[in-house]
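Everything below concerns the one structure shown next.
The values are calculated or read from the model by the stated rules, or taken from the named source; none is laboratory data. These figures come from a predicted structure and were not determined experimentally. Methodologically, a virtual Cβ is constructed for each residue, glycine included, from the backbone with ideal geometry; neighbour enumeration extends over all protein chains shown. Protein only, heavy atoms only, side chains kept; ligands, DNA and RNA dropped before computing areas. Shrake-Rupley method; radii C 1.70, N 1.55, O 1.52, S 1.80 Å.
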Amino acid sequence: MTARREFDIGLVQLQNMLVEMGERVEKALGDAMQALEGLNSPLAQRIVKADPELNRLEERIADLGAKLIATQQPVAKDLRRILVALKISSDLERMGDLSVDIAKAAIRLEGQSLIKPLVDLPRMAELAQTMIGESIRSYIDENVDLAYKMAKDDDMIDALYSQILRELFEMMGDNQKTINQAMNLCFVGRYIERIADHATNIGENVVYLVVGTRPDLNQ
């Protein structure tokens with residue numbers, strides 16, 4: 001087998017693991033929001049317990065990336081493909097941690113009734129899930145247009161987050177009994193907003209992969 005063939009096989013394995021990791025993170029975020037909406041502590045606990053599996057997948061990606069660099073000595077764009085894959089796996093691992101944080105918020109609220117119907121938080125989470133999937137797809141397809149879309153989606157999430165904060169702070173001002181739960185919901189909004197930021201990071205790295213320069217998609 002030629003060195004190029006070995007590299008291509010390794011790169012496909014790397015991409016497949018990133019797709020799997022992205023799918024796991026999407027599911028973790030969706031399940032975490034479901035647990036929060038239903039104040040479903042058992043579901044939230046399962047999300048927390050599953051997190052080490054995501055960490056192990058990141059380690060496998062790091063090991064394969066290091067092996068490809070050491071044995072194939074890639075240069076130029078081939079090297080960028082691997083380095084970007086490692087950065088993406090790191091962003092995905094952090095997204096998984098933030099999904100766990102949402103699940104933990106659901107656990108903390110166990111036994112309570114929600115102070116308001118959750119509308120904007122689930123919308124934020126849906127947008128963030130879309131961003132996760134599309135950011136990975138932009139890497140696999142080297143799709144710069146899809147990578148740039150991350151910034152627009154991130155702006156939508158930021159706008160929803162600001163609206164949520166206004167509503168929750170208003171509720172806390174009107175009724176101090178809502179403060180504890182409202183603060184937890186504020187944190188959840190922050191966690192989702194950070195997930196979107198990590199997806200935007202992936203978009204920036206994809207642009208770097210394709211064109212060789214690192215843009216700021218938030219400008």
Rounded, prolate or oblate: which one fits segment 51-137, using the alpha carbon gyration tensor with axes a ≥ b ≥ c (rounded when a/c is under 1.5, else prolate when a/b beats b/c, else oblate)? oblate
Under a 1.4 Å probe, what is the accessible area of the chain per residue, stated in Å²? 48 Å²
By how many nm would the segment from Asn143 to Leu83 grow when fully extended, if each residue of separation counts as 0.36 nm and the alpha-carbon distance is taken off? 19.9 nm
If you count, for each residue, the other Cβ atoms within 10 Å and average over each peptide, how do 67-77, 97-107 line up from highest to lowest? 97-107, 67-77
Can you figure out the FRET efficiency of Asn55 with Glu170, using R₀ = 45 Å and their beta-carbon distance, to the nearest 0.05? 0.70
Carbon + sulfur, % of accessible area of the chain - ligands and nucleic acids excluded, 1.4 Å: 49 percent
Suppose every K and R has +1 on its Cβ and every D and E has -1 on its Cβ; what is the size of the dipole of segment 58-104 about the Cα centre, in Debye to the nearest 20? 260 debye
Model label zone, Lys177; criterion: amide N under 15 Å from point 7 Å along Cα-to-beta-carbon; scope segment 115-146: 115-116
Return the calculated 222 nm mean residue ellipticity for the chain, to the nearest 500 deg cm²/dmol, obtained by summing -39500 (n - 2.57) across DSSP H runs with n ≥ 4 and dividing by the residue count. -31000 deg cm²/dmol
Using all Cα-Cα distances in segment 76-183, what percent lands in each 5 angstrom bin from 0 up to the longest? 2, 10, 15, 19, 17, 12, 9, 7, 5, 3, 1, 0
Hydrodynamic radius by Kirkwood for segment 123-219, inverse mean 1/r across distinct Cα pairs, in Å, is 14.2 Å
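Tell me, in nm to one decimal, what length is gained between Ala62 and Phe187 on full extension, where the rule is 0.36 nm per residue of separation less the Cα-Cα distance?
That pair, Ala62 and Phe187, stretches by 42.0 nm at full extension.
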Over the chain, what is the relative contact order in percent, taking alpha-carbon pairs closer than 8 angstrom and at least six residues apart? 26 percent
